[in-house]
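Reviewing the structure listed below.
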Amino acid sequence: MQEKKKNTEEKVTNFKCPACKDGDILINQIIYDLPDKDKMLFLKFKCNRCDFENNDIIPLTTRMDAGIITLKITEENDLKSKIYRSPTGNLEISELDLKVEPGPSAEFYYTNVEGILLRFERAISIYLNNLEDGNPEKSEIKDTLKDLQKAMKGQLEFTLKIADLSGGSYIIPEDSSKYTFEKIENLK
Ligand SMILES: [Zn+2]
């Protein structure tokens, strides 16, 4: 089952563009029906003068179920699957030994799988550059970086997992047969 697009409309607002301070912001709204019967509202903001663009996403039927969401990535197209991680979501790619822990400083973010890999790549590169030559950790991290770059080209299969104890995180898969949601019962 694929999510369905509907109710697409573009509206001109009275908001001035934050980038050029001159143009008006256009809002494009798209409501998606997710495979699990939830609905999401995507808002796309665009300036009519400059190339400013921004996105926002709002769950319309907030799922209160806590759970573990997984998505298998086996080909390049899967990297386009959309991800929304709430601040309570714990994101993990065990094949690459990568993790984003929840916490007060954790960002709310909406991106796709590729966007998440890019964030990791940036963080690991910075970490690697700050290591002293001769540090034994260095070759290990270089290997992780190589795997990560393969993953970004769809040449390495991996599973992305979001464990969200409060609910609210989403994956919108390109291929829903690679997606699972497991409810967490009896949370104390
Ligand atoms: Zn503008």
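Throughout, read-outs are computed from the coordinates displayed, never taken from laboratory work. What you are looking at is a predicted structure, and each value in this text was computed from that prediction instead of being measured. Please note: Cβ atoms are built from the backbone with ideal geometry, for glycine as well, and neighbour counts cover all protein chains shown.
A few points about this structure:
- Label-point separation in nm, GLU157 to GLU75, each point 7 Å along Cα→Cβ: 1.3
- Residues ASP65 and THR13, FRET efficiency given R0 of 25 Å [Cβ-Cβ distance, rounded to 0.05]: 0.15
- Unit Cα scatterers, Debye sum, the stretch 77-188: log10 I(q)/I(0) for q = 0.16, 0.18, 0.21, 0.23 Å⁻¹: -0.79, -0.96, -1.20, -1.35
- In a simple Cβ point-charge model (Lys, Arg +1; Asp, Glu -1; nothing else charged), the chain has a dipole of about 680 debye relative to its Cα centre.
- Selection among CYS47, LEU145, TYR127 by position relative to the dipole of the chain gives CYS47 as farthest towards the positive end (Cβ unit charges, Cα centre).
- Summing Lys and Arg as +1 and Asp and Glu as -1 over all other residues whose Cβ lies under 9 Å from the Cβ of THR70 gives a net charge of +2.
- Cα-Cα separations in the chain greater than 23 Å, expressed as whole percent: 52
- Cα-based helix-to-principal-axis angle, 113-129 vs the chain, degrees rounded to 10: 40
- C-alpha long axis of helix 137-152 to longest principal axis of the chain, angle in °: 40
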